[in-house]
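Student: I have a structure here, written as structure tokens, and I will follow up with some questions on it.
The values are calculated or read from the model by the stated rules, or taken from the named source; none is laboratory data. Everything numeric in this text was worked out from a predicted model, so none of it was measured. Virtual Cβ from ideal backbone geometry, glycine too; neighbours counted across all protein chains shown.
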Amino acid sequence: MSIRQYDNNSVDYSQNQDNMNSLEDIDPSLQDGFQIVYDREVPLELRTIINNQQSQEVGSLESIKVKILIRPSQNQHHDAELSDQTIKIEFTSETDLFFFYIAIINYESFKQIKEENKLKMEYNQFLQQLIKLFNQCYKEPHNFFGIFEMEEEGRANLKLIENMEYKFLEILSLDFVACDEDLVKQNVIYRYNILKAKMLFVQSRLEDISNLIKLKNPSLLVQIQKNTLSGNFSASTMRSNANQSKYNPNNSRFLK
């Protein structure tokens, strides 16, 4: 392989990276001036409510992508900035692209949340408390966990709970709504395009590295390819075994 060919691969790699960055900038979640401040997959127990009754005693434990965004105030005064700031929480799932719930909280709606949950904090402390609670659910699932109850009409409720050994303490309860069809479609298209761009990015990078190894040490590339084939076979076997022992919701250790 010539140096010119290698340079061309490097250009393609750079272009794919730029394309992926451009796609991230058009995330529909960022519409109306929102900015992402938290983005992490958090284990939550999902429950379905039908006719005001739970369809199951325990739900399914799933990894839910939690995204918290804020829309900063346009007011230059510090006090007004805190009260005008809007918080948006989005729940999505990698296993169900059409799962999309949202909660929007502002200074006025927080007053009701504060009263219903008997919170001691003020609105300017609420964002950091939210992030702390989700992180605790992620890092300490035996002590902190969330239950997400979904109703047929599109309403939903999140309960964040602390296991205090002798009892379960509900720390926070928040109402969510299912997003409308148009917003769900936008989100699915965006996530599909991001995944496709990432795949092209990785393929381009892999080809770039393979060509470099081929140029410098062809025998090493042959050895890597043989090991890769062996690794793919082992990974396939592991996936097959994992599918036979999927999580059983009836074994949930959370509240019943």
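Student: Which strands (runs of 3 or more DSSP E) does region 97-198 wholly contain that include 1 or more residues that are within 18 Å of the chain's Cα centre (by Cα) and surrounded by fewer than 16 Cβ atoms within 10 Å (Cβ to Cβ)?
Tutor: Here the list reads 100-105, 168-178.
Student: May I pose another question? For region 152-173, what are the residues that are of a type outside the set (Ser, Thr, Tyr) and touching a helix residue (DSSP H, G or I) at 6+ places or on another chain (Cβ under 7 Å)?
Tutor: LEU160, ILE171, LEU172
Student: Is it the case, given these coordinates, that SER93 is more than 19 Å from the chain's Cα centre (by Cα), closer than 20 Å to THR48 by Cβ and of a type in the set (Gly, Ala, Ser)?
Tutor: For SER93, the condition - more than 19 Å from the chain's Cα centre (by Cα), closer than 20 Å to THR48 by Cβ and of a type in the set (Gly, Ala, Ser) - is not met.
Student: While we're looking at this one, here's another question. Given the conditions (1) surrounded by 14 or more Cβ atoms within 10 Å (Cβ to Cβ); (2) at pLDDT 85 or above, and given that SER252 satisfies all but one, which numbered condition is not satisfied?
Tutor: Answer for SER252: the failing condition is (2).
Student: State whether the residues of region 114-132 include one that is at positive phi and without any contact (Cβ under 8 Å) to a residue 12 or more places away in the chain.
Tutor: The answer is yes, given that some residue of region 114-132 is at positive phi and without any contact (Cβ under 8 Å) to a residue 12 or more places away in the chain.
Student: Say we look at region 20-76 and pick out the residues that are among the basic types (Lys, Arg) and modelled with pLDDT under 95; which of these is nearest to CYS137 (Cα to Cα)?
Tutor: Only one residue fits best here, namely ARG47.
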